[in-house]
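Below is one structure, written out as structure tokens, with a few remarks after it.
The values are calculated or read from the model by the stated rules, or taken from the named source; none is laboratory data. Treat the numbers as computed from the prediction; the structure is a model and nothing was measured. Please note: Cβ atoms are built from the backbone with ideal geometry, for glycine as well, and neighbour counts cover all protein chains shown. For the accessible areas, the whole protein counts, side chains as well, though only heavy atoms, and no ligand, DNA or RNA atoms are used. Shrake-Rupley method; radii C 1.70, N 1.55, O 1.52, S 1.80 Å.
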Amino acid sequence: MRDSQRFPPHLIGLLVALTLGWGFNWPVMKIALTEMAPMHFRTWCLAAGAIGLFAIARANGLTMRIPQGQFGRLLAIALVNLTCWNVFAIYGIPLLSSGRAAILGYTMPVWSVPLSVWLLKEPVSGRRVLGMVLGFAGLLALLGGELQAVERSPLGALLLTGAAFSWALGTVMIKRWPVTLPATSFTAWQMALGGIPIFAYAILIEPGSFDLRELSAGPLLATLYNMFVAFIICFWAWMTIARNASVGAASIAVLMTPVVGVFSGMLLLGEQPHWLDYLALTLVVLSIGTV
């Protein structure tokens with residue numbers, strides 16, 4: 001396999017931070033949604049992420065000016081990568097009977113790998129195919145007995161599959177139509193532009209309040225975690241990885257995130273571990289080892 005198709009070693013520390021930050025966020029997000037309307041919640045997250053990242057870019061002297069002729073591709077990436085993902089995921093998760101079913105959102109590689117082969121001409125190797133097979137075997141093990149929950153809520157499964165596809169397409173678009181901005185500014189602009197339709201829907205259609213003072217301690221802390229960890233640190237980490245690793249390598253590498261999500265759900269929500277959870281952990285670690 002060509003070196004360009006391996007996961008860059010200098011990004012492994014960033015991948016670990018991303019895996020823990022986003023993985024832990026699955027049960028945290030469900031806690032936040034117990035008291036806050038979905039699009040109001042996402043508006044807070046995207047606004048905090050955009051403001052925080054613009055501030056970091058400015059403090060570090062990074063350019064924030066969108067290069068001439070690249071606004072269109074930046075807007076398209078933001079709508080697919082941020083708007084579509086957030087809308088599909090945030091409405092799909094509550095429809096399924098278990099948080100573990102949210103792992104459907106991490107079927108992203110099943111879409112990103114063929115899209116990268118088609119649009120980016122990335123090579124297909126035996127190692128990458130093996131990584132995909134091991135990774136998806138791990139995800140199926142995590143779903144385990146929860147497949148009945150998916151059958152009971154096909155709309156939830158469809159929404160999460162849509163989230164996975166939009167994430168995959170957005171990742172390929174980042175590589176296919178690059179925007180010459182630093183990762184910090186690039187991520188901030190995506191959140192600002194992608195958050196406009198979400199904010200409009202929240203303020204015009206969705207019932208609910210933007211007042212965080214109305215939240216109890218648990219949902220408030222969960223919302224703050226999303227704003228500052230999941231949407232500033234983790235999104236910046238993912239954009240950095242997506243722009244510097246091949247689509248296939250990056251996609252397979254993040255498969256550890258739902259495993260962390262399941263085990264953190266056991267810690268925060270009191271779910272009991274099953275032998276399938278440990279089997280899934282083994283399979284996904286092997287999958288990541290292929291890249």
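Residue 58 is checked against (1) open to solvent by 30 Å² or more (accessible area, probe 1.4 Å); (2) closer than 24 Å to residue 173 by Cβ and fails just one. What number does that condition carry?
Among (1) open to solvent by 30 Å² or more (accessible area, probe 1.4 Å); (2) closer than 24 Å to residue 173 by Cβ, residue 58 violates only (2).
What number of residues within segment 58-76 satisfy the criterion of being among the β-branched types (Val, Ile, Thr) and free of Cβ contacts under 8 Å to residues at least 12 places away in the same chain?
Here the count works out to 0.
What number of residues within segment 234-257 satisfy the criterion of being of a type outside the set (S, T, N, Q), modelled with pLDDT of 80 or more and within 13 Å of the chain's Cα centre (by Cα)?
Result for segment 234-257: 9.
Of the conditions (1) at pLDDT below 75; (2) of a type in the set (S, T, N, Q); (3) touching a His at 6+ places or on another chain (Cβ under 8 Å), residue 153 clears all except one; give me its number.
Going through the list (1) at pLDDT below 75; (2) of a type in the set (S, T, N, Q); (3) touching a His at 6+ places or on another chain (Cβ under 8 Å), residue 153 breaks only (3).
Taking segment 125-143, which residues are part of a helix (DSSP H, G or I) and either at pLDDT 80 or above or open to solvent by 20 Å² or more (accessible area, probe 1.4 Å) (or both)?
Listed by number, the residues that qualify are 126, 127, 129, 130, 132, 133, 134, 136, 137, 140.
So which residues in segment 220-238 are farther than 18 Å from residue 15 by Cα and of a type in the set (Phe, Trp, Tyr)?
Within segment 220-238, just 225 meets the criteria.
Give the residues of segment 29-51 that are assigned to a loop (DSSP other than H, G, I, E, B) and open to solvent by 20 Å² or more (accessible area, probe 1.4 Å), sorted by residue number.
33, 34, 35, 37
Please enumerate the residues belonging to segment 65-124 that are open to solvent by 50 Å² or more (accessible area, probe 1.4 Å), at pLDDT below 85 and more than 20 Å from residue 253 (Cα to Cα).
94, 95, 97
Does at least one position in segment 258-273 carry a residue that is farther than 14 Å from residue 45 by Cα, of a type in the set (D, E, K, R) and at pLDDT below 80?
Within segment 258-273, one or more residues are farther than 14 Å from residue 45 by Cα, of a type in the set (D, E, K, R) and at pLDDT below 80.
Just the residues that are open to solvent by 30 Å² or more (accessible area, probe 1.4 Å), at pLDDT 85 or above and over 24 Å from residue 185 (Cα atoms), please, taken from segment 10-28.
Scanning segment 10-28 gives a single hit, 24.
Show me the helices (runs of 4 or more DSSP H) found entirely inside segment 183-291 where at least 3 residues are surrounded by 21 or more Cβ atoms within 10 Å (Cβ to Cβ).
183-204, 235-244, 247-253, 256-269, 275-289
When segment 4-57 is examined, which residues are found to be charged (D, E, K, R) and within 20 Å of residue 78 (Cβ to Cβ)?
First, the residues of segment 4-57 that are charged (D, E, K, R): 6, 30, 35, 42.
Passing the criteria: only 42.
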